[in-house]
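K.L.:
The following block contains the structure, expressed as structure tokens.
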Amino acid sequence: MKNLNLAALVGLLTWQMSLNVVALEGLDVEKIAQQNHIKIKRLEKANRTLLNDIERLLQQQKINQQKIAELFRLLEYKKSDSATKAAVLRIREEDKKARETYTNARSLLLTKQYTQAIDLFLNYLTNYPQNNHAADTHYWLGKAYTLKGDYQSGKQAFIDFQQNYPSNHKFAISLYELALIQHQLKDNAAAMQLLTTMIKKFPTHKSIFQAKALLTQLQDADLATDVKSKKIKAK
């Protein structure tokens with residue numbers, strides 16, 4: 001403890017001697033201390049200003065990054081929007097061409113130009129298989145083949161139509177059309193089965209009376225054939 005007190009005393013004496021030296025040199029220690037205090041305050045203020053400037057720069061940098069990101073999003077949106085518009089225009093143009101092809105094919109069918117109508121119907125199904133009139137085109141293709149007398153091709157066209165579009169509004173009448181073809185191909189059993197299906201599933205269809213009349217005609221013919229066959233066997 002004495003050693004500590006001694007050391008403190010020595011330090012105090014040294015400090016006092018330093019003050020004496022400064023005083024002897026004619027310097028105002030208090031004034032110097034005040035000046036240093038002012039300088040320190042200025043430095044602290046400058047430091048605070050610098051920190052504020054750094055904070056503003058960081059904030060501005062963050063805002064700029066957000067603006068850049070927003071700009072990129074806008075560019076992507078415009079790019080996507082342009083692609084969407086191009087796709088819409090392409091679809092509209094495709095729909096227009098498909099509609100023209102279908103309309104022309106129907107016109108050729110109505111004017112009994114069956115070969116040309118068939119070519120256009122096939123063209124439609126090749127180029128626009130998913131378009132609005134694809135189902136109707138399948139049906140009218142079968143009709144065109146039938147009117148031309150190409151019953152085998154007509155038969156296949158109607159079978160394809162029935163397999164691909166079982167809920168289409170022309171499904172019922174396609175059963176009747178296919179029955180007529182089967183009758184032409186001498187397959188009355190298949191024709192009667194088709195007519196029976198139509199009468200059972202679509203009893204209120206506008207062509208139901210035609211279907212019933214044809215079914216009765218085929219049944220009578222079938223019965224007559226059986227009677228004739230029995231007579232021949234009896235001989």
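The values are calculated or read from the model by the stated rules, or taken from the named source; none is laboratory data. Computed from a predicted model, the values in this text were never measured in an experiment. Here the Cβ is made from the backbone with ideal geometry for all residues, glycine too, and neighbour counts use every protein chain on show.
K.L.:
One residue is enough: does segment 126-133 have a residue meeting the conditions assigned to a helix (DSSP H, G or I), hydroxyl-bearing (Ser, Thr, Tyr), surrounded by fewer than 16 Cβ atoms within 10 Å (Cβ to Cβ) and under 26 Å from the mean Cα position of the chain (by Cα)?
P.N.:
Yes, there is a match, as at least one residue in segment 126-133 is assigned to a helix (DSSP H, G or I), hydroxyl-bearing (Ser, Thr, Tyr), surrounded by fewer than 16 Cβ atoms within 10 Å (Cβ to Cβ) and under 26 Å from the mean Cα position of the chain (by Cα).
K.L.:
Being without any contact (Cβ under 8 Å) to a residue 24 or more places away in the chain, touching a helix residue (DSSP H, G or I) at 6+ places or on another chain (Cβ under 8 Å) and farther than 11 Å from Trp140 by Cβ is the filter here; which residues of segment 108-117 pass it?
P.N.:
Gln116, the sole residue that qualifies.
K.L.:
All but one of (1) out of contact with any Lys or Arg (no Cβ under 9 Å at 6 or more places or on another chain); (2) assigned by TED's automatic domain parsing to the domain that holds Thr216 hold for Leu122; which doesn't?
P.N.:
Among (1) out of contact with any Lys or Arg (no Cβ under 9 Å at 6 or more places or on another chain); (2) assigned by TED's automatic domain parsing to the domain that holds Thr216, the lone unmet condition for Leu122 is (2).
K.L.:
Looking at Gln193, Gln113, Gln184, which one is in the same structural domain as Glu93 (by TED's automatic domain parsing) and either over 38 Å from the mean Cα position of the chain (by Cα) or among the aromatic types (Phe, Trp, Tyr) (or both)?
P.N.:
Of the residues listed, the single one that is in the same structural domain as Glu93 (by TED's automatic domain parsing) and either over 38 Å from the mean Cα position of the chain (by Cα) or among the aromatic types (Phe, Trp, Tyr) (or both) is Gln113.
K.L.:
Let me ask you something else. Does segment 146-166 contain at least one residue that is aromatic (Phe, Trp, Tyr) and outside any helix (DSSP H, G or I)?
P.N.:
There is at least one residue in segment 146-166 that is aromatic (Phe, Trp, Tyr) and outside any helix (DSSP H, G or I).
K.L.:
Can you tell me how many residues within segment 146-184 are surrounded by fewer than 17 Cβ atoms within 10 Å (Cβ to Cβ) and in contact with a Lys or Arg (Cβ under 7 Å, 6 or more places away or on another chain)?
P.N.:
Within segment 146-184, residues that are surrounded by fewer than 17 Cβ atoms within 10 Å (Cβ to Cβ) and in contact with a Lys or Arg (Cβ under 7 Å, 6 or more places away or on another chain) number 0.
K.L.:
Cβ-Cβ under 6 Å, sequence separation 6+ or interchain: first residue in segment 129-152 and under 17 Å from Ser107 (Cβ atoms) and in the same structural domain as Thr111 (by TED's automatic domain parsing), partner basic (Lys, Arg) and modelled with pLDDT of 95 or more. Which pairs?
P.N.:
Tyr139/Lys170
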